[in-house]
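Quick notes on the structure that follows.
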Amino acid sequence: MRSEVVVYTRDVVGRRMAGPGIRAFHLADEIAHKAPVTLVAELAGFEGLGRFKALQRGTGDALDALRTARVVIGQPTRELLRLTRRPTRVVFDLFDPVVLELPVIYAGRTGIRGRAHQWIEWQRLQRAMREGDLLVCATPQQFSFYAGVHLSAGGESDGWREKWLTVPFGVESRDTADDGPVEQLGDEPLVVWGGGSWPWLDPETALEAVERLRASGTKVKLLMLGGRRPNEGVAEAATSGWARTMDTNASVAVLRNREWIPYRERARWLRACSVAIMLHRESLEAEFAIRTRLFDAIWCGIPVVATRGGFAAELVEREGLGCVVAPGDVADVAAAIGRILGDAAFHASCVANLERMRERFSWNRVTAPLLERIVPWL
């Protein structure tokens, strides 16, 4: 049977997944309640994960699925941009502002590769905003950014706002209560760094803050949950300096995974942690990113320390989910971690507020506007 909807990603979907793969998986899983869905992705250990069909990207079957679907959803890749010339309805998911990540990745490099990569991504973004049947962002800040890009490039404004939906990242509905503990983590309180260490992030300040707390007598360790990314790319190469530093300057303050934690096992690790930390350097990327690991903290009820700037920090501050700190301020980060660990009433308040956020950001709720828009096309 032909799939009415195809969700497409170049990311890995399977046993180990990063943000784009996780989002594609859950979009497909929610849409499958309403229509036949095929997920096209880099598949790795996918068996039995979803209620939809999955095809390996680049195969003949995957190409046929893209050509015959009524609706295709994904980031603005070459494959999806080609479909705008066909009767297919194309939904471009712009939740990840790649054009703002690339200047950080290529900072200090003068080669033609970086300039060409950035130019290509800008062209893809502008074409997607002109030709997409529906455009999806993850936050109101992202819409403002994309609107500025579109209008500054001479894009039409009439009716353009109606093409947009805001679909943030989501939280699983699965209960974590039955996930067993991870024995090798020890008994000291843990501060979890939940994902990768991309160059726009600031794991160094997290480590220095934890080491400062330990020097003052506080029992605490930093758990680096994300090791080698499921599909390594240019961003991974750019973080190799931090990885080498961790390898050659092993700290008793750090527990580090060399492999990416399997998606279905991550709750076992997260539930052992007392603080979730998400720190970034000052950049445009920080102002417009959504920080997908915030949603695991919401899911597992872990108070958050986040760098000021962007959607995640604003939500943490507004809803009382933890502490917001100044960029690169080791003392501020150490004080925030110390408050969450040492103030039982504050910790309990943060946990209660995090629990209140779960339903608001459940995958079925955040994807409902998308389903409402695409079902009439089927």
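The values are calculated or read from the model by the stated rules, or taken from the named source; none is laboratory data. It should be emphasised that the depicted structure is a prediction, and the values quoted were computed from it without experimental measurement. Cβ: placed from backbone, ideal geometry, glycine included. Neighbour counts: every protein chain shown.
So if I check each of THR176, THR248, THR239, which one is among the β-branched types (Val, Ile, Thr), at pLDDT below 65 and over 22 Å from the mean Cα position of the chain (by Cα)?
Answer to the check: THR248.
Identify all residues within region 319-335 that are small (Gly, Ala, Ser), without any contact (Cβ under 8 Å) to a residue 60 or more places away in the chain and surrounded by 19 or more Cβ atoms within 10 Å (Cβ to Cβ); write none if there are none.
Within region 319-335, GLY322 is the sole residue that qualifies.
Does GLU372 satisfy being in the same structural domain as CYS137 (by TED's automatic domain parsing) and without any contact (Cβ under 8 Å) to a residue 40 or more places away in the chain?
Taking the combined requirement at face value, the residue satisfies it.
Just give me the residues in region 258-300 being surrounded by fewer than 21 Cβ atoms within 10 Å (Cβ to Cβ) and of a type in the set (Ser, Thr, Tyr), in sequence order.
Listed by number, the residues that qualify are TYR263, SER274, SER283.
Say whether the condition of being modelled with pLDDT of 95 or more and either within 17 Å of PHE95 (Cβ to Cβ) or crowded, with 24+ Cβ neighbours inside 10 Å (or both) is met by at least one residue in region 51-60.
no
Output the residues belonging to region 49-62 that are closer than 24 Å to LEU125 by Cβ and either in contact with a Pro (Cβ under 8 Å, 6 or more places away or on another chain) or in a helix (DSSP H, G or I) (or both).
ALA62
Condition first: charged (D, E, K, R) and touching a strand residue (DSSP E or B) at 6+ places or on another chain (Cβ under 6 Å). Now tell me which residues in region 311-361 satisfy that.
GLU317, ASP332, ARG358
Taking the options ARG264, ARG271, name whichever one is within 30 Å of PHE46 (Cβ to Cβ), among the basic types (Lys, Arg) and either at pLDDT below 90 or in contact with a Leu (Cβ under 9 Å, 6 or more places away or on another chain) (or both).
ARG264
Restricting to region 350-378, and then to whatever is surrounded by fewer than 16 Cβ atoms within 10 Å (Cβ to Cβ) and among the hydrophobic types (A, V, I, L, M, F, W, C), can you tell me which residue is modelled with the lowest pLDDT?
Checked region 350-378; the qualifying residue modelled with the lowest pLDDT is LEU378.
Return the residue satisfying two criteria in turn: it lies in region 301-310 and is touching a strand residue (DSSP E or B) at 6+ places or on another chain (Cβ under 8 Å) and farther than 14 Å from TRP193 by Cβ, and of such residues it is surrounded by the fewest Cβ atoms within 10 Å (Cβ to Cβ).
It comes out as ARG308.
Exactly one condition in (1) free of Cβ contacts under 8 Å to residues at least 60 places away in the same chain; (2) crowded, with 17+ Cβ neighbours inside 10 Å is false for HIS347; which is it?
(1)
Okay, residues lined up against (1) in the same structural domain as GLU372 (by TED's automatic domain parsing); (2) surrounded by fewer than 19 Cβ atoms within 10 Å (Cβ to Cβ); (3) in a strand (DSSP E or B):
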site: VAL13; (1), (2), (3): yes, no, yes
site: MET17; (1), (2), (3): yes, no, no
site: ALA24; (1), (2), (3): yes, no, no
site: LEU27; (1), (2), (3): yes, no, no
site: GLU30; (1), (2), (3): yes, no, no
site: ALA35; (1), (2), (3): yes, yes, no
site: LEU39; (1), (2), (3): yes, no, yes
site: GLU42; (1), (2), (3): yes, yes, yes
site: GLU47; (1), (2), (3): yes, yes, no
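Go over the candidates ARG124, ARG67 one by one and state the one that is loosely packed, with under 14 Cβ neighbours inside 10 Å, closer than 25 Å to THR38 by Cβ and outside the structural domain of ARG293 (by TED's automatic domain parsing).
ARG67
Which one of the conditions (1) acidic (Asp, Glu); (2) touching a helix residue (DSSP H, G or I) at 6+ places or on another chain (Cβ under 9 Å); (3) under 17 Å from PRO230 (Cα atoms) does GLU47 fail to meet, given that it meets all the rest?
The failed condition is (2).
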